[in-house]
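Undergrad: Shown below is the structure under consideration.
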Amino acid sequence: MKKLNTNPVRRHLPPAVLNRFVARRSLVLLMVILCLTSLLAADGFIIIPRPPYPPLPPRPIPRPPAGPFPLEVKYHRVDVTIEDRVATTRIDQVFYNPTRWRLEGYYLFPIPKNAVIKKFSMFVNGKELEAELLDANKARKIYEDIVRRQRDPALLEYSGLGVFKARIFPIEPYSEKRVKMSYNEILSKDNHTVEYLYPLNTEKFSAKPLKDVSINVRVKSKEKIKNIYCPTHKTEIIRKGNFRARVGYEEHNIKPDIDFKLYYSTDNTRLGFSLLTYKKGREDGFFFLSLSPGFETKESDIVEKDITFVLDVSGSMAGKKMKQAKEALLFCIENLNKGDRFEMVRFSTEAEALFDELRPVNENSRKEAGEFVRNLRAIGGTNIDEALALALRMKKKQGRPYIVIFLTDGKPTIGVTDEDSLLSKIKKSNIAGTRIFTFGIGNEINTHLLDKITEMTRAYRTYIAPDEDIEIKVSNFYSRVQSPILTDIKLDFGSKIRVSKTYPIDLPDLFKGSSITILGRYKGSGDTKIEMAGKMRERTRKLEFSAAFAGKDEDNDFIPPLWAARRIGYLLDQIRLHGKDKELVDEVTELARTYGIITPYTSYLIIEDERTNVRRNMIRPVDQTLGRIADRDAAFESRNREEFSDMKRKSGGRSVQVSKEVQEMNTASNYAQARPGHSRVQFTDKEGKLRDIKQQVMNIQGRAIYNTGKFWVDSYVQAQKEQKITRIQFAGVEYFKLLKKESGAAQFLALGQNVRFVLNNRIYEIYE
């Protein structure tokens, strides 16, 4: 390491101040690569020694900036190219020094786990810098040293990882420092699946949100890309033929709290298959299964379908709503497939069909349907009974899927209007297993009725807010269901693997350009054959996939909370649509607490449960999760109680919101969808600041850990039968013995100086 340049400012310092400055700076330099910045994103961060170089006179010299990490991130951009499993990652960051102080720093980049780095380069403001590679053993020694010296355990999260280090000097006051770096790595392939990981976990360390974060990934393969998905973040995926794809993620003013993971599968089989597993200890494992027909599908593979469009033309649809609904239906008519049959039904006071039968798609039928739609007028009441009866009465062909797309903006006012009676009538009429996809327009609708219709017919519901465009919503949906590939799908996992609690319970049909994600639990391990059967052009087809269910796999710890979100979404739907049941409520409560699925509808249940268990001496007050927060903020509990009670509402804006968010959980395929409405679960901390509950929950090793004020508390503590607690003083001799003996302890210890967690069925308490 080169000596630092002598700063002429020192001659302005009194001798005593100068001596303290030099002594402190020497000590800090020993620890400089150990400190953790508020900018940590594992994509690189800058650490600043304390104290920094003093500003120029006038004197007296003001105090240095509080803390060793005063820099801000102006933007953070990642560009990735993956070609035949070789990934090149390019990072572009701009750091800003908002202080009056000239700073010296070190840029650190933790190496992603399992990455085989082939090349590394780094530029700061256009000048290439030499970077030093520290292996995992050296890095671990450094991390432990920072705990001893700085009493900051945050870097322990990266135990087992190597790190790149480069010195950056000077960082001038009120100036920017641009850092660009790139590295190559070879990606691993397992269970037909290639994984790309970009560490993006900054939640625990960032003092301020990152102003601009984006990740752009381009994938190119010699083999056909069958399946591509991101289970951790909400991304845009654009397919560019069979061999190329592009994935984009962008957010502003956020604190990322989970690493970015992208998966894709390549093969030449008819359907793409991808399996991920998570299994820890003796517990049942979790699996994430994705199926996709790929980008391009032969016309001969597309199943001919029957479809009826049912549109509400009651008086309340007049104006903009009717105009948009017409445009949506015209789009659907123009995009019907060759070989399809279709019908149009309008309803208000009474229902009227266009053809009185399912008519084959041709030029004449399209023209007639177009005229029918353009001539629609909004007038009269809402006869849902007659409309659906007419749609379900159509004569269908054996072996062809039949779909009804049902659009309404009101409650039934004519014919059978009682909810239970209407549902009973629909069930009796639907002898062919027709799927009814509902679109609720506006807020003056009976959400429970529409949701029960979709539940009963194994379909999905969609709600269109008053300010949303009906045409866009309906057109986008129809584009997804336009071309069925495989219907009536069933899976057989073989005798070696037993699966349970899989979601969705009833598998949907597989359409061109879409995919199915299935989450569940499993017993057993090892290689097996998964057989998928379904109907394709009136014939039953069977496909077989080789798969390996791990006996131990702790890398994909995002899977348990994703599975829990789906299970909770399903259970909440049962509670809201069919009545409150104690067993269901208890399970929702336990799942939500254990896996951190904290939403407006689960928070109150957790608080109520913990309050009860504390009164009964079943748990200690200090082992509560959300209960401790509610003790400090009474309004937090009352707001959550009100949100939970909204599930009983059958109409209005809140009822629509509940339905949309519960279904989002029930169909969650990425971590961002697992906790809808979390921004409304806020509380006031002891400093009087309003905080999002999301900031108080971390996911470690597949379960939730809660910040309850002074302590981080593991959700497993309450369920631990053996309540004997091993108390270990932070940074003491036993602390480092535990770190050395139990590699799994590092993630928990990294949370802070006061942590209570379960490891190997034993409760540990770290205290100051």
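Undergrad: So in segment 229-250, with the set limited to residues that are free of Cβ contacts under 8 Å to residues at least 60 places away in the same chain and crowded, with 18+ Cβ neighbours inside 10 Å, which one is nearest to the chain's Cα centre (by Cα)? Working first, answer last.
TA: Step one: of segment 229-250, the residues free of Cβ contacts under 8 Å to residues at least 60 places away in the same chain are 236-238, 240-250.
Of the ones still in play, those that are also crowded, with 18+ Cβ neighbours inside 10 Å are 245, 247, 249.
Details: 245: 21, 247: 15, 249: 12 Å.
The selected residue is 249.
Table: residues versus (1) closer than 30 Å to residue 272 by Cα; (2) surrounded by 19 or more Cβ atoms within 10 Å (Cβ to Cβ); (3) modelled with pLDDT of 90 or more; (4) not β-branched (Val, Ile, Thr).
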{"position": "384", "(1), (2), (3), (4)": "no, yes, yes, no"}
{"position": "388", "(1), (2), (3), (4)": "no, yes, yes, yes"}
{"position": "393", "(1), (2), (3), (4)": "no, no, yes, yes"}
{"position": "456", "(1), (2), (3), (4)": "yes, no, yes, yes"}
{"position": "462", "(1), (2), (3), (4)": "yes, yes, yes, no"}
{"position": "473", "(1), (2), (3), (4)": "yes, yes, yes, yes"}
{"position": "486", "(1), (2), (3), (4)": "yes, yes, no, yes"}
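Undergrad: Something else about it: Could you please find all residues in segment 492-517 being closer than 28 Å to residue 337 by Cα, aliphatic (A, V, I, L, M) and either modelled with pLDDT of 95 or more or under 22 Å from the mean Cα position of the chain (by Cα) (or both)? First the steps, then the outcome.
TA: At the first step, the residues of segment 492-517 found to be closer than 28 Å to residue 337 by Cα are 504, 506-517.
Still in the list and also aliphatic (A, V, I, L, M): 507, 510, 516.
Correct list: 507, 516.
Undergrad: So residue 688 passes all but one of these: (1) assigned to a loop (DSSP other than H, G, I, E, B); (2) buried (at least 19 other Cβ atoms within 10 Å of the Cβ). Which condition number does it fail?
TA: It fails just one condition, (2).
Undergrad: If you take just the strands (runs of 3 or more DSSP E) that sit entirely in segment 203-269, which of them hold at least 2 residues that are charged (D, E, K, R), within 22 Å of residue 84 (Cα to Cα) and modelled with pLDDT of 85 or more?
TA: 210-220, 236-239, 244-254
Undergrad: Out of all the residues in segment 508-564, which are part of a strand (DSSP E or B) and under 25 Å from residue 591 (Cα atoms)?
TA: The answer is 516, 517, 518, 519, 520, 521, 522, 523, 549, 553.
Undergrad: Scan the helices (runs of 4 or more DSSP H) fully inside segment 570-667 and keep the ones with 2 or more residues being closer than 30 Å to residue 508 by Cβ and either out of contact with any Leu (no Cβ under 8 Å at 6 or more places or on another chain) or among the β-branched types (Val, Ile, Thr) (or both).
TA: Here the list reads 582-595, 653-666.
Okay, residues lined up against (1) surrounded by fewer than 21 Cβ atoms within 10 Å (Cβ to Cβ); (2) among the aromatic types (Phe, Trp, Tyr); (3) touching a Ser or Thr at 6+ places or on another chain (Cβ under 9 Å):
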{"position": "638", "(1), (2), (3)": "yes, no, no"}
{"position": "642", "(1), (2), (3)": "yes, no, no"}
{"position": "646", "(1), (2), (3)": "yes, no, yes"}
{"position": "651", "(1), (2), (3)": "yes, no, yes"}
{"position": "655", "(1), (2), (3)": "no, no, yes"}
{"position": "659", "(1), (2), (3)": "no, no, yes"}
{"position": "665", "(1), (2), (3)": "no, no, yes"}
{"position": "671", "(1), (2), (3)": "no, yes, yes"}
{"position": "675", "(1), (2), (3)": "no, no, yes"}
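Undergrad: Go through segment 70-108 and count every residue that is under 18 Å from residue 186 (Cβ atoms) and either crowded, with 19+ Cβ neighbours inside 10 Å or in contact with a Phe, Trp or Tyr (Cβ under 8 Å, 6 or more places away or on another chain) (or both).
TA: Residues flagged as under 18 Å from residue 186 (Cβ atoms) and either crowded, with 19+ Cβ neighbours inside 10 Å or in contact with a Phe, Trp or Tyr (Cβ under 8 Å, 6 or more places away or on another chain) (or both) within segment 70-108 amount to 5.
Undergrad: Here is a further query. Just to be sure, is residue 182 of a type in the set (S, T, N, Q) and closer than 22 Å to residue 93 by Cβ?
TA: Yes, satisfied.
Undergrad: Any idea how many residues of segment 693-750 are within 16 Å of residue 763 (Cα to Cα), open to solvent by less than 20 Å² (accessible area, probe 1.4 Å), part of a loop (DSSP other than H, G, I, E, B) and among the hydrophobic types (A, V, I, L, M, F, W, C)?
TA: 2
Undergrad: Would you confirm, using the coordinates I've provided, whether residue 371 is modelled with pLDDT of 95 or more, of a type outside the set (Lys, Arg) and farther than 21 Å from residue 477 by Cβ?
TA: Details: modelled with pLDDT of 95 or more: yes; of a type outside the set (Lys, Arg): yes; farther than 21 Å from residue 477 by Cβ: yes.
Yes.
Undergrad: Restricting attention to segment 488-529, report how many residues are open to solvent by 20 Å² or more (accessible area, probe 1.4 Å) and of a type in the set (A, V, I, L, M).
TA: Looking only at that region, the number is 4.
For (1) closer than 30 Å to residue 241 by Cβ; (2) not in a strand (DSSP E or B), each residue gets a yes or a no:
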{"position": "274", "(1), (2)": "yes, no"}
{"position": "278", "(1), (2)": "no, no"}
{"position": "286", "(1), (2)": "no, no"}
{"position": "289", "(1), (2)": "yes, no"}
{"position": "303", "(1), (2)": "yes, yes"}
{"position": "311", "(1), (2)": "no, no"}
{"position": "338", "(1), (2)": "yes, yes"}
{"position": "345", "(1), (2)": "no, no"}
{"position": "366", "(1), (2)": "yes, yes"}
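The values are calculated or read from the model by the stated rules, or taken from the named source; none is laboratory data. Just so you know, these numbers come straight off a predicted model, no measurement behind them. Positions of Cβ are backbone-derived with ideal geometry, glycine not excepted, and every protein chain shown enters the neighbour counts. SASA here: full protein model, heavy atoms, side chains in, ligands and nucleic acids out. Shrake-Rupley method; radii C 1.70, N 1.55, O 1.52, S 1.80 Å.
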